[in-house]
Structures are given as structure tokens and as C-alpha cells.
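This report refers to the structure that appears directly beneath it.
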Amino acid sequence: MIKAILIFNNHGKPRLIRFYQYFAEDMQQQIIRETFHLVSKRDDNVCNFLEGGSLIGGSDYKLIYRHYATLYFVFCVDSSESELGILDLIQVFVETLDKCFENVCELDLIFHMDKVHYILQEVVMGGMVLETNMNEIVAQVELQNRMEKSEVNQVI
Amino acid sequence: MPAVSKGDGMRGLAVFISDIRNCKSKEAEIKRINKELANIRSKFKGDKALDGYSKKKYVCKLLFIFLLGHDIDFGHMEAVNLLSSNKYTEKQIGYLFISVLVNSNSELIRLINNAIKNDLSSRNPTFMCLALHCIANVGSREMAEAFAGEIPRILVAGDTMDSVKQSAALCLLRLYKTSPDLVLMGEWTSRVVHLLNDQHMGVVTAAISLITCLSQKNPDEFKTCVSLAVSRLSRIVSSASTDLQDYTYYFVPAPWLSCKLLRLLQCYPPPEDGAVKGRLVECLETILNKAQEPPKSKKVQHSNAKNAILFEAISLIIHYDSEPNLLVRACNQLGQFLQHRETNLRYLALESMCTLASSEFSHEAVKTHIETVINALKTERDVSVRQRAADLLYAMCDRSNAKQIVAEMLSYLETADYSIREEMVLKVAILAEKYAVDYSWYVDTILNLIRIAGDYVSEEVWYRVIQIVINRDDVQGYAAKTVFEALQAPACHENMVKVGGYILGEFGNLIAGDPRSSPLVQFNLLHSKFHLCSVPTRALLLSAYIKFINLFPETKSTIQEVLRSDSQIRNSDVELQQRAVEYLKLSSIASTDVLATVLEEMPPFPERESSILAKLKKKKGPGAVSVNELEEGKREGGELNGGGERGDNSAIAASNASTPSPSADLLGLRTGPPVTAAAPSAGSLLVDVFSEAGVNDDGFLSSAPPSVVSEDPATPLPESNELLNKFVCKNNGVLFENQLLQIGIKSEYRQNLGRMYLFYGNKTSVQFITFTTTVTCPGELQSQLNVQSKPVEPLIEGGAQVQQVINIECLTDFSDAPLLNIKFRYGGALQNLTLKLPVTINKFFQPTEMASHDFFQRWKQLSLPQQEAQKIFKANHAMDTEVLKAKLLGLGMALLENVDPNPENFVCAGVIQTKAQQVGSLLRLEPNAQAQMYRLTVRSSKDTVSKRLCELLAEQF
């Protein structure tokens, strides 16, 4: 199960946080800080898996992450997930963002946090993988977009 | 065209975000946020009804503020309102807010459930998906109660859209995880299993997560999934890279689904049906073959996806552990990965090989990679990978390579990362003990360990070496000689001094014949370290000295001189002073015979589970060290100590080891506390647990009929009141702990409802059977509290932990605490103990903020004499303002600043929520630092509440 998905930038500023297991707000903040601390001090060409986070789930807990330009995408998972599979999933999510936003950058995530959430919801639901087919995901997002547009048009 | 419309967003939101980004300092940012929060709050509270768009905008702003790390304590109601909007975007943001900022506030949940119900029955697939998402993300019990019946129907209905099916599958999975008792699969089982055959790969992907979870819990009912999974897998594996179109990821057909299928198969033993098995073996072989083919793309995503499947296939092969041919191929494949240029693959190969090492078919094959693994330990740049290499070395170690592996680990320790040193030390200690053929090697290894990584050598490690030396005659002389040499180093670690002091005190005579280590030389060497050591070590050395007087009468006058010196006999530390006085007296009045009896060599230690193994296990968490391994450790340990009965607890061992001279007690000279306070409290607790509580001792005096006894099945432990008091101002922590069992507690309260999670941890390596717990409300508490506990698993494996949920409803105010009775069998003996559950009236407080004027007005209104309770008492803890504040906040009331004219005083206000009524309470605590006293006054609208609060609080400060 995916316990949490954290996206933060190189300075540790959170850009998206999504917890699939309940943690109180202050604990969430602590987890973000700890995770950033663990991930940010690692070189770029070491491995993408990491243990040692103490705050979620004890020993059955791994951080799987990818670093893209200014952003870290970190998935906190338990041992029921395949490590390489999660790496693929991060890639699928990022490629989808890139398609939806056209050359996604950090600013897109900041100003369209809600949209990023909606896209993520098409990939992961309640901590489990919902869909891995990028075309299907993009199709769902486009459908949402059309509904949004039609509402705007109604108002006008 | 981008799928996301960037232009049509909410302008106000974009402006706000830009403002925040333009803030030059953290303070400016906080100021801007507070301004915005005030604005939103006033908009929400205002008279003018907000339109959907504004609500959406404000809710979105709140989400953004939350992301920045600020608590959001309002807006939930507006979000709930948005759920019933018929505009998609408004509904969508409402659900998002609820999912991210879930608050199990029961009234809201009811409203949310209503909205979900409407959307589920709307037949609009997009709305249904939103609702299912919300259930899956919140997953509360109330939601399970409302929807667990409906969702399986949606999942298997023929006319449900694929995207809804996907969501329904994962939604059901979430509900099953939170409330398995409410999700009844029965009639749906076969149709859910057949989702594995669904045309739509997305549906299969979602369904397989559900099926895997259900299979783990009910393997028999779901075992038909095996053949379906095998045929699905076979179809994917044999398809060309273009067959599956969209589900082909970088030329690999459906990698995600393949991994999940292979995981599902790991829930079951190898298929019994020959045809199915043959097909599966074929699949596994194909996967292994594909690994050798040239890659179809140079992209890392291609090799990742391919290898994700390969690693899962290898896991399945290891899980079956029955096909020697496949096992060896798997091992060779991993061997290739050990030297791969991708760090991720090296990491995963080391990890998989660790499990492979425990299979009898492949253990030898794994061992052939020893040089590569040692090399990885030395040269990998990434600590995660080095850690895996150390784990693998530990797993592949056996008698044939123990010396080499231990030597490599020792040399690695000198440069190892701080984060893994302690674990490495434990591993070296365990391997050295487990595979010691000659004990001089063992002693050398442990002393080296102390020399290299003394700071990381825990007590358990040096206790253990002493236990082993004492139990084995053949190594004592060698040990004495080796520690003597080790102590000659100009700087040696304090742990070395401890071991040296203990061993020379016992066996120094074995090397005294050599003039280079004559008694006086030994003594002077030990004493030269004395002043550099901490108090416990000095205490140990003093005991070694008195043992010297017995072993070597010629050292008596020198040692007496030392004991008599002011720095000993007038030492400011009570323990050291007492030892010096007593030992001096003992050496001067006791005859040699008495002295020889009292200071006799320590008897062999009874055999027990290696405390080091227990420690490693604890460090790694349950599951990391298998029970097998522990058992094995025990067996090996038994051999090593020449057998002997087990059953002691290691805390007592520890106290023996660190208090090397029980002699002082024998004479009854000693009155002070022992050096290590580890044992006594645990010891006395044990007595309580082992005695069958409830059997009344005064049976022959008691004239009460037996029914009285059954009404009160057990008397709580004497210390349970104290345990209860520990939790008055906090909700989480360890409620109880003894040698066998640890009970942790986590609780949360809202209004008059509470939920408590109890975690029962088995600290031993043996399973607890017929584990039952009962919660009772004695006497009138029955009518005051409604307590419901879910049953717990009757079996707790060694080292495992089970959880129990207890729901509490406060009907009216109360003073007693519910009783928790725990019964289980451990190694045949029935254990029975009763504790008080830390449910106290203050848990149901709602804090109430009020201004000074209001406070005193309320205070005056509560002026009836019985409404007030007052206590004046002495401070039990330091009167630290911050600590006091924290405790008062933990109590659950609002701590009111600037209310009391005297700034030293604390005042609080709160309302206790019970089902029957609300009880307003005010509190005033007046510390008097000079007298170290407090005056505590509580006033509330109900006399029993004032009294109880006063009692509870008087114990806290």
C-alpha cells in the first residue's frame, strides 16, 4: 500500500501532500520534514529506495523517490509494493502531468494544486493503484476538463 | 492543447498564491495567511449567502494554506455543502477538501454520507467515481456501515462502467481493511474472482489489489483465483510487445499487472493441478529467458519495467522453494545484477538474495557470491546498498565462512556509517557466538568489537560475553590474558574496563603466575582506569577489588588503602561510598573462610535466550529476524553453555551481570539500592502477573458467597492507579510492560465519544495462545460509560503485535475507570492480569476560550459550596512553567492567558461532554514556588465532577 505521496521542491517546500493513512496535521508536517531531510542529502546517482524513515509504519516502510529538476516525488510505501513498479508509477504520473500541462514545471503545480490532485486521483485511490495506462488517465482528465468548460459556458 | 485549462482558473486564488510567493519573509507570509484566513472566516460567517463559485474558491484557498503547513479548523461545513452542488467542479473540490482534511467528526460524516449516497445512486459515472474516491480515502467505520453492502453490488453489476468498477474495487478494499467484519463477501466471492478475466485491463489492475488482500485473509475461499491468475499471466507473458496497446509500457506488456499477478500467487503454495503448474513454470522460465534477451529500448523505463517483473518472478520462485532448477537460475540472475551498473538493481539483488540464502537448495549457490558482496560492503557509495550487503553477509553466514565474514564486518565497522553501527555490532556479536568453534576466537572477536566500536556496544553484548566466559572453563584463562592485554592500551573504552574488571575479578588468578601479570600489576592496571570511568563502572571495579582481596591475599593492604582513601570512603556518590565502606569492613572483619564463601566464583548462568538476539529483533521490528532464527540461536546458545534450564528473564541476568558482587547482600550489610535498578520493578511485576489474580487469599475468612467473587473477577494490579494517573494528561504511550507483554495505547476523543487503540506486543519468542481480553465497567460505572471492545486475535506470535479497538461513549459523568482483564497462556502457564483503562472524565473536555471578565463572572456563578473542590498539596515534580502548561493543555481544557491578575497562576475552562448533559468546569492552579506547594481549585456545575477532577489533578503536579 502507498501510505503517502509527497512532492516537494529542492528547498523542502511542499507542493503536494497526500496521505492515505490517517496522521494528525502536526505529524504530517513532521513526516514531510523528515522525508525531505532523508532524501535531499542523497546524491542523484545513488539508488532510488531508502529506508530509515521512522515515522510511518516502522520497519515495513520504504521511501521510493525520483528527483526531477527542482522537484522530488516521494512515495512512501510498505513491503507489499514492488519497488521498481512504484518507480514506474512515479514516471507514469509525471509523464501524465507533462501531457496535461504541456511541459509541466513547478509553477504549474503551485498554481494548479487542485488539478494536480485530480490527476493523481486518476492514478492512485485510497493508497492503491487505480490505473497505469497513461492514455486512459489523460482521457479522464480531458473529460473533467470538458465538464468544467461546459459549466463556464453555461454561466456566460 | 493541454488537457488542463490553465486560463479558466480562479483569479482570486491565483492572486493569493502570487501574494504568498512574493512575501519576503516567513513573518510576512504568516501575516498574509492570517489575513486571508480572517477574510474567509468572515465570508463564511457572513449574512450574505455565498454562491458556489465563491465557496469553491475559498475552499481551494484553505487547501493551499493547509499545504503550506497551517492547521485548518474551519470550512468543513462549506465543503460539505459543495458536495450537494450539481456543478461538477464544485462537487469535485468539496470531495477533495474532505479527503485531504478528513475529520471524523460524527455529525459531518453523517452529512457527507448523505451526499455520497445521492451521488452513488445518481447513475452519473463521474459523480459515482467522486463518491467512491471519497469513501476510499476517508474509509471511516461509519462509511463502512453505510456502504459496505452497496459497493460489491456496484462492482459486479453488468451495466457498471469500467471506470466505476475500478473505483468500486479499490473502495471495497479500503473498507475491508478498516472494517473487515462489515464487508461480507460470501455470495460475491466467485464473481469478484472472475474480475481477473475482465476485458478491461484497468479493471483487472484494480481488482487484483482487492483479491490479493482478500486471499491473504481467506485463502481457501479465494483459491480459485490461482488458476485464473496463471492463465492471465501466461497470456500477458506470451504476448508480443504491441498486443496490449495502451497497457504496454516502454515495450513491456502490462508490467504493473504482471507484478501484481505474481504477488497474488505468492499468497498460495505451488498449484496442485499439474497443468496449471506446468503453465506457471513455463511463464517463470519465459520471464527468466527474457532477462537475457537484448533490450528493446535503451530507456531506463524499459529495463525498470522488465526487471520489476523479473524480481517478482524470482520472489515467487523463492516463495515456492521447490524447484531447484529455477532457484539456481534465479540465483545466477541475481548474481549478474550484483555487478550491474544500475544501483537500484544491485540494491534489489542484494535484498532478494537475502531471502534466497535461507533456502536449502540455493544456500550454497548464494555463498559463491561472497567476494562480490564483501566488495559491495567496502565500495558501494550508497549507504542503503551497503546496509543490504551487510544483511546479506549476515544471512549467508554459516560455520564454513563465519571467520571470514565476521572479520570483514569488523573491519567495515571501523568506517561504517553511524546509522548502522549499532545493528552491525549486534550482528557481529550474534554471528561470533552462533558459529564459535573455539572460544578464544569468540573472545577475541567481542573484545575487538569493543575496541573498534565501543560506543555502539550495548549492555547486552558485554553481558553476554561475560555469561559465556563464566559458563565455559576452557576459555577463562584465555579471556583473562586477553583482557589484561587489551587493558594495557593507553586509551581503552569504558566497556572494555567493565569486561576487564569483571573477568579479572573472577579469573585473574589464572594468569597471576606470570610475573608480568602478577596480582599487583593487575590491580594497578585496573585502578589506573578507575578515575576515568563513570559511577556504575567504578562500582563494578570496587567489587572486582574485593574479589582480588579474596583471590590474592597479598593485595589486601594495598586495596584496603585505596578503599580507605577519602575519595572512596567519603565519595559523594552514595553507592560508591557504601561499597567502599562495606567492602573495607568485610575485608577486615571476616575470616578467610567466610571471605572465600562470600566472594566465591560466580556460578554458571542458567541458559536463556540470547539477549542480543532479542535486542536485534526489537531493533529491526517483528518479522526482520524470523522466529526460526531465534529458536536456532537458542539452540546454539544451549550447546554453548552446556545446556541448563531456561525460563529466567534476561533482566535478572542483566542485574546479575552488572552487580558482580551479590555477596554484599548475603551479609545483609547492604541497605542501599542496587547499582542497576533494572530488575527490581520488573521482578515485582512478574510476581503479580504470575499469580492467578482473582483467587482471594482471605478465602477462609471471607463469608461472602462465591457470586461476589465472580462479579469482581479480578482485582487490578496494585500499580494500576499509578498507571492510570500517567494518562490523565496524555492520550498515547505505554500503558503496561513486563517481561512478556507490552501494552501500548493510542486514544482520541471527540465530544462524548472516544476511541482507544490498544496494542498488545508479545515480547517473547514464544506464541501466546488463547489470548483474550475483557473490558468491564464495575459497579455504577456500567450506567455511566458505554464501552465496546472488538475481540482480539486469540494467538499472538512471538515478537508480534495485535491491535484492539475500544469504543467509548460517556453517558454521564463518572469517577471510576473501566477494568481491562487479560488472560493468555504462555508456555503452558495461564497469565492473568487486570489493569485500569485510562479513561478519565477529563478526556471528554471541550476547551472553552473566554475573556477575563467572563471567566470571573462564571466563577462567581458557581459559588455553591458543593460546586467547589479544593486541594492544597506538595509539588511532586519540578515547578516548571512550560511543563505545567503542557500538562494543563493535555488535560483538555483551554488554558486562558491574561485572565488571572497574578501571572504565576493558571486558569482553565472547559465543558465536559456527556450524553446526558454538559458540565462546565473552571480551574485555577496557584503555584507557590517558595513553599513548593500548589493550591488547586475546581468549580463545576456538578459536585461529583469538581471532586473527581480535583483528585485526578492533584496527582499530576
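Derivation of every value follows stated rules applied to the coordinates shown; laboratory data play no part. Computed from a predicted model, the values in this text were never measured in an experiment. Methodologically, a virtual Cβ is constructed for each residue, glycine included, from the backbone with ideal geometry; neighbour enumeration extends over all protein chains shown.
For the protein assembly as shown, take N as its residue count and report Rg(C-alpha) divided by 2.2 N^0.38 Å. Before the final figure, lay out each step's value.
Values: Rg = 33.6 Å, N = 1113, 2.2 N^0.38 = 31.6 Å.
Cα-based Rg divided by the globular estimate yields 1.06.
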(Q) Skipping prolines and chain starts, which residues have an amide H placed within reach, meaning under 5 Å, of the one on A:Tyr68, given they are 5 or more residues away or on another chain? (A) A:Phe73
Q) Calculated from DSSP H runs of 4 or more alone, at -39500 (n - 2.57) each and per residue, what is the 222 nm mean residue ellipticity of chain B, nearest 500? A) -17000 deg cm²/dmol
(Q) If amide hydrogens are placed 1.01 Å from N in the peptide plane, which non-local residues have theirs closer than 5 Å to the one on A:Phe8? (A) A:Arg15, A:Tyr72, A:Val74
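Packing-wise, with mean Cβ within 10 Å as the measure, how do B:775-783, B:393-401 rank, highest first? Don't jump to the answer; show the numbers that get you there.
Values: B:775-783: 15.1, B:393-401: 18.1.
Per-residue mean Cβ counts within 10 Å order the peptides as B:393-401, B:775-783.
For segment B:257-358, state which trypsin sites (Lys or Arg not before Pro) are in a DSSP loop and have at most 15 other beta carbons lying within 10 Å of their beta carbon.
Numbers: sites: B:Lys260, B:Arg263, B:Lys277, B:Arg279, B:Lys290, B:Lys296, B:Lys298, B:Lys299, B:Lys306, B:Arg329, B:Arg341, B:Arg346; in loops: B:Lys296, B:Lys298, B:Lys299, B:Arg341.
The qualifying sites are B:Lys296, B:Lys298, B:Lys299, B:Arg341.
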Q | Convex hull projection area averaged over all views, segment B:290-390, Cα basis, nm² | A | 6.3 nm²
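Averaging over all projection directions, find the projected area of the Cα convex hull of segment B:335-386 and quote it in nm² with one decimal place. Before the final figure, lay out the partial values.
On the way: hull surface 13.0 nm².
Mean shadow area of the hull around the Cα atoms is 3.3 nm².
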Q) What does the average come to when, for each residue of peptide A:132-145, you count the partner chain Cβ atoms lying within 10 Å of its Cβ? A) 5
Q. How far apart, in nm, are the 7 Å Cα→Cβ label points at A:Tyr68 and A:Gln29?
A. 2.9 nm
Q.
Over the Cα atoms of chain B, each weighted equally, I'd like the Debye log10 I(q)/I(0) at q = 0.05, 0.07, 0.09 Å⁻¹, rounded to two decimals.
A. -0.44, -0.88, -1.32
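Hey, what's the per residue convex hull volume over the C-alpha atoms of segment B:201-356, in cubic angstrom? Before the final figure, lay out each step's value.
On the way: hull volume 17.1 nm³, N = 156.
Once divided by residue count, the hull of segment B:201-356 is 110 Å³.
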**Q.** Estimated Rh, segment B:715-791: Kirkwood, alpha-carbon pairs, angstrom
**A.** 14.4 Å
Q) Which FRET efficiency value, to the nearest 0.05, do you get for B:Lys556 and B:Glu459 by plugging their Cβ-Cβ distance into 1/(1 + (r/R0)^6) with R0 = 35 Å? A) 0.65
Q | For segment B:166-181, Karplus couplings with θ = phi - 60° (6.51, -1.76, 1.60), whole Hz, Gly/Pro x | A | 4, 5, 5, 4, 6, 5, 5, 4, 4, 5, 5, 5, 7, 9, x, 5
Q) What is the spin-label model distance, in nm, from A:Tyr22 to B:Lys726 if the labels are put 7 Å beyond Cα along the C-beta direction? A) 2.5 nm
Q | Net dipole in debye of the protein assembly as shown [+1 Lys, Arg Cβ; -1 Asp, Glu Cβ; about Cα centre; nearest 20] | A | 2800 debye
Q: Rounded to whole Hz and in sequence order, give me ³J(HN,Hα) for segment B:715-720 from the Karplus expression 6.51 cos²θ - 1.76 cosθ + 1.60, θ = phi - 60°, writing x for Gly and Pro.
A: 8, x, 3, x, 8, 5
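Measure up A:Lys13/B:Lys35; A:Lys13/B:Lys378; B:Lys823/B:Lys871; A:Lys62/B:Lys91; B:Lys217/B:Lys367 against 31 Å on the Cα-Cα distance and list the ones that go over. Please list the in-between numbers first.
Numbers: A:Lys13/B:Lys35 21 Å; A:Lys13/B:Lys378 36 Å; B:Lys823/B:Lys871 39 Å; A:Lys62/B:Lys91 34 Å; B:Lys217/B:Lys367 36 Å.
The pairs that break the limit, which is 31 Å between Cα atoms, are A:Lys13/B:Lys378; B:Lys823/B:Lys871; A:Lys62/B:Lys91; B:Lys217/B:Lys367.
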**Q.** Using θ = phi - 60° and Karplus 6.51 cos²θ - 1.76 cosθ + 1.60, couplings along segment B:805-810 (whole Hz; Gly, Pro as x)
**A.** 9, 10, 9, 10, 10, 8
**Q.** Förster-model FRET efficiency, 35 Å R0, B:Asn905 and B:Ala14, C-beta, rounded to 0.05
**A.** 0.10
Q. Measuring from label point to label point, each 7 Å out along Cα→Cβ, what is the B:Glu951 to B:Leu182 span in nm?
A. 3.7 nm
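In what sequence, highest mean first, do B:170-181, B:937-948, B:530-541 appear when ranked by Cβ atoms within 10 angstrom? Each step should come with its number before you reach the end.
Values: B:170-181: 22.2, B:937-948: 20.5, B:530-541: 17.3.
Result, highest mean first: B:170-181, B:937-948, B:530-541.
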**Q.** For B:Tyr249, residues with placed amide H under 5 Å, excluding near neighbours
**A.** B:Ala254
**Q.** Estimated [θ] at 222 nm from DSSP helical runs (n ≥ 4, -39500 (n - 2.57)) normalised by residues in chain A, nearest 500
**A.** -15500 deg cm²/dmol
Q: Mind checking B:338-345 for the average number of partner chain beta-carbons within 10 Å of each residue's beta-carbon?
A: 2
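How high is the FRET efficiency between B:Glu282 and B:Arg750 when r is their beta carbon distance and R₀ equals 51 Å, given to the nearest 0.05?
Efficiency at R0 = 51 Å is approximately 0.35.
Order B:359-371, A:123-135, B:856-868 from most to least packed using the mean count of other Cβ atoms within 10 Å.
Working: B:359-371: 16.8, A:123-135: 23.2, B:856-868: 13.1.
Answer by packing, highest mean first, reads A:123-135, B:359-371, B:856-868.
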